[in-house]
Structures are given as C-alpha cells and as structure tokens.
Amino acid sequence: MSLLRCLSKQLKEMENDPPPLCQAKPVDPSKDMFNWNGTIRGPEGTPFQDGIFHLTIHFPTDYPFKPPRIRFTTPIYHPNISPQGDICLDILHDKWSPALTIRTALLSICSLFTDPNPEHGLNIDILNVYRTDRNQVQSFSMALGRRLTHHYRDMEKNPPPLCYAKPEDPMKDLTHWIGWIEGPPDTPYAGGRFHLIIDFPSDFPFKPPQIKFITPVYHPNISIKGEICLDILHSQWSPVLTIRSLLISLCSLLTDPNPEHGLNKEALNVYRTNQGKYNEIAREWSKKYAIENKSLE
C-alpha cells in the first residue's frame, strides 16, 4: 500500500470512527498529507479535564515502518511530556509497529493523561513530584480488576467497528473474555463472524493478553490452533494499548496479512504465490466455519 493511500485510509478511519476525546486531520489535505494538526480533550476525572490540548503530527516518508512524530503545542504539566511538547511514549519510539494507526496513537496518548508512567520522564521536576504523590502513584498502580473494568466500560461505551469483546462472566472472573470479529468487507472473510478468547495475565498491562481465535481462520498470520502472529501481542506490546485497539489491529490483519512472517506456512506460501487461490480457500473456510456456523454465538 502506497504512503498516500495509507494516510488517506487512516484519515477516513478518523472521520468515520473518530476516537473519543481526540481529533486529527491534515492541515491542507489537497496539498500535503504528511502534516496534520490535532487535539486531545482532557479526560474526565484527571487534572487535565475540560482542557483542549493541541498537537502536530508529522509522518515520515517511510511511514508506517517508522512512527509519526507527534508533539504538543499546548503546554502541559505532565511527567512524560517535555516543555517543548515531546512525548515519552514507547509506541512512538522503540515499540512502534506498522500495525498501529494514528487513531491508536492518539488513544494511547489520551491514556497517558489518565495514567502517567512513573518509570520514565521527560520533565524530571514533574516526575519527582508525581513519584512522591502517593495518591497519584496509587492511581497508577490500580488493581487489575479495576483496570479490566475500565477496559470493559470502554468497549461498552465505544465499541469498535466489526469487533466486540467482554468478560465471559463479569461477576466471577474479569480476566477471561470472549469476543468476535466480523469479516471486513471486500475481503475473503466478509460475512463471517470469527470468535476469539482473551486471557489477561496477573501482570497486565505490563504483559500483553493472550488472544486466540476459536473459529478456524485460513490466514498466513493465524495458526491452525488460532494463535496470532501480531507484533503488538508480543515484542511490540505496550502498557498503553487497550483491548479496543488490539481488536482493531486484528481486524486490520484480516484486511492486510503480513507476508513477512507466518504461523500457517501453507497459507503463507499460497498468499505469496497465488493470491487468487488464497482468496478462494479463505472464502471456503469462512463459509464453512464462520458463516454457516454464525448462529452458534
């Protein structure tokens, strides 16, 4: 996918499914798709509530293989944001993944407003104040159950397109979720519903959840057992990522498989050599497992 096409796709995503509290668009879409302006509204229940924080976004020529450069132009009193507006967020640096979108990046920055990172800072004075404020440290270290409840409410209030997930039994166990992804239009998975399970480790969000498809999927990056080859579920995981953003990334994986790495070697070989045949087989699997059995939710 060309860079301009990629940016146009992400702009449409921002317009069709704007993330809560965030906006971004090119300064002049008719002349320059590489430079965007955006805003983040301060999340409720934080010191930033009711504020509107402006930022700039610059996309490098090798995007999405390199992250966009995002910088605040509104001054912010925050340990992970420098006086110049630079942002200390791992997914904008060494934890960046081409699977991430500008929408995901903005949501992650918004999460940083709610939960500053006490381990790394760009404003040392503010970081020291934050570290010695027990109330805020306690907020950062909220119990796993409270975090998962927050993710659950986020899914209920703002469900992502084509995706859904919830605890199987929220009264007994918040660490085991069930969910599904609708096959994206114009893909061999269209019309199907692909069920999955999500299990959260005790050290979530510092370790990623384990997500596995239980509906068979013919896809180079999904194993016969339902395991998923997606970097943000492994080496590129970041604590600021949400279940919502993970599901959106999985949906994108159905639209654009990664031909560089595979868990289903046979599907990977067919995808690389004969995409027409690949689409045919994937449709057959979708019809057999995800469409004809769609009523078995």
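Give all pairs with beta carbons closer than 7 Å in which a residue from the range 152-179 that is under 13 Å from residue 20 (Cβ atoms) meets a residue that is loosely packed, with under 15 Cβ neighbours inside 10 Å and modelled with pLDDT of 85 or more; count only pairs at least 6 apart in sequence or on separate chains.
Listed pairs, sorted by first residue: 158/20.
I need every pair where a residue in the range 255-284 that is at negative phi has its Cβ under 7 Å from the Cβ of a residue that is in a helix (DSSP H, G or I) and surrounded by fewer than 16 Cβ atoms within 10 Å (Cβ to Cβ), sequence separation at least 6 or different chains.
Correct list of pairs: 259/272; 270/277.
Would you check which residues across the range 2-42 are within 18 Å of residue 105 (Cβ to Cβ), aliphatic (A, V, I, L, M) and surrounded by fewer than 14 Cβ atoms within 10 Å (Cβ to Cβ) and list them? Walk me through it before giving the result.
Initial filter on the range 2-42 (within 18 Å of residue 105 (Cβ to Cβ)): 3, 6-27, 33-42.
From the residues that got through so far, the ones that are aliphatic (A, V, I, L, M) too are 3, 7, 11, 14, 21, 24, 27, 33, 40.
Once the filter is applied, which keeps residues that are within 18 Å of residue 105 (Cβ to Cβ), aliphatic (A, V, I, L, M) and surrounded by fewer than 14 Cβ atoms within 10 Å (Cβ to Cβ), the range 2-42 yields only 27.
In the range 14-26, which residue that is modelled with pLDDT of 90 or more and charged (D, E, K, R) is nearest to the chain's Cα centre (by Cα)?
Taking the candidates together, the pick is 15.
Which one is farthest from residue 272 (Cα to Cα) among residues in the range 216-239 that are out of contact with any Pro (no Cβ under 7 Å at 6 or more places or on another chain) and crowded, with 21+ Cβ neighbours inside 10 Å?
238
I need the full set of residues from the range 187-226 which are in contact with a strand residue (DSSP E or B) (Cβ under 6 Å, 6 or more places away or on another chain) and charged (D, E, K, R), in order please.
Result: 193, 199, 212.
Which of the residues spanning the range 260-286 are out of contact with any Phe, Trp or Tyr (no Cβ under 6 Å at 6 or more places or on another chain) and either among the β-branched types (Val, Ile, Thr) or part of a loop (DSSP other than H, G, I, E, B) (or both)? Don't jump to the end; show me each part of the working.
Of the residues in the range 260-286, the ones out of contact with any Phe, Trp or Tyr (no Cβ under 6 Å at 6 or more places or on another chain) are 260-266, 268-269, 272-277, 279-280, 283-284.
Of everything in the range 260-286, those that are out of contact with any Phe, Trp or Tyr (no Cβ under 6 Å at 6 or more places or on another chain) and either among the β-branched types (Val, Ile, Thr) or part of a loop (DSSP other than H, G, I, E, B) (or both) turn out to be 260, 261, 262, 263, 264, 273, 274.
The conditions are (1) surrounded by 15 or more Cβ atoms within 10 Å (Cβ to Cβ); (2) at positive phi, and residue 45 fails exactly one of them. Which is it?
(1)
Could you identify the single residue in 75, 79 that is in contact with a helix residue (DSSP H, G or I) (Cβ under 6 Å, 6 or more places away or on another chain), assigned by TED's automatic domain parsing to the domain that holds residue 7 and farther than 24 Å from residue 251 by Cβ?
Working: 75 fails: in contact with a helix residue (DSSP H, G or I) (Cβ under 6 Å, 6 or more places away or on another chain).
Testing whether each residue is in contact with a helix residue (DSSP H, G or I) (Cβ under 6 Å, 6 or more places away or on another chain), assigned by TED's automatic domain parsing to the domain that holds residue 7 and farther than 24 Å from residue 251 by Cβ leaves just 79.
Suppose the filter is loosely packed, with under 12 Cβ neighbours inside 10 Å, closer than 27 Å to residue 231 by Cβ and not assigned by TED's automatic domain parsing to the domain that holds residue 244; does residue 56 pass it?
On the way: loosely packed, with under 12 Cβ neighbours inside 10 Å: no; closer than 27 Å to residue 231 by Cβ: yes; not assigned by TED's automatic domain parsing to the domain that holds residue 244: yes.
Against the criterion (loosely packed, with under 12 Cβ neighbours inside 10 Å, closer than 27 Å to residue 231 by Cβ and not assigned by TED's automatic domain parsing to the domain that holds residue 244), residue 56 does not qualify.
The values are calculated or read from the model by the stated rules, or taken from the named source; none is laboratory data. Treat the numbers as computed from the prediction; the structure is a model and nothing was measured. When we count neighbours, we look across all protein chains shown, and the Cβ atoms used for this are built from the backbone with ideal geometry, even at glycine.
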